[in-house]
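The values are calculated or read from the model by the stated rules, or taken from the named source; none is laboratory data. What you see is a predicted model, and the numbers here were worked out from it, not measured in a lab. Positions of Cβ are generated from backbone atoms using ideal geometry, with glycine treated the same way; all protein chains shown enter the neighbour counts.
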């Protein structure tokens, strides 16, 4: 198992819990599932958000950052292909990277 898979396995479990909570017919029941989130869940959500923003970084940034950071950006782009595709489309249109 890769380090990326190990890092984000808890995020997948969290997303499954949130999806199950919102899949219920009752809004109250759905909100109860969200209220049950603990500090670890929130930390995982924040990590997911950060990796999404890294995936949105333009490819030309890879040559301007240290190799370790470039590797993290590549991993984020693999983890969030839709964000990476959006960044590529934005680059093709010549639009700047939005504030991260």
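What are the residues in region 84-95 that are surrounded by 15 or more Cβ atoms within 10 Å (Cβ to Cβ) and outside any helix (DSSP H, G or I), if any?
Matches in region 84-95: none.
Any chance region 87-95 includes a residue that's over 18 Å from the mean Cα position of the chain (by Cα), at positive phi and modelled with pLDDT of 85 or more?
The answer is yes; a qualifying residue exists.
Which fully enclosed helices (runs of 4 or more DSSP H) of region 1-83 have 3 or more residues being modelled with pLDDT of 85 or more and touching a strand residue (DSSP E or B) at 6+ places or on another chain (Cβ under 6 Å)?
none
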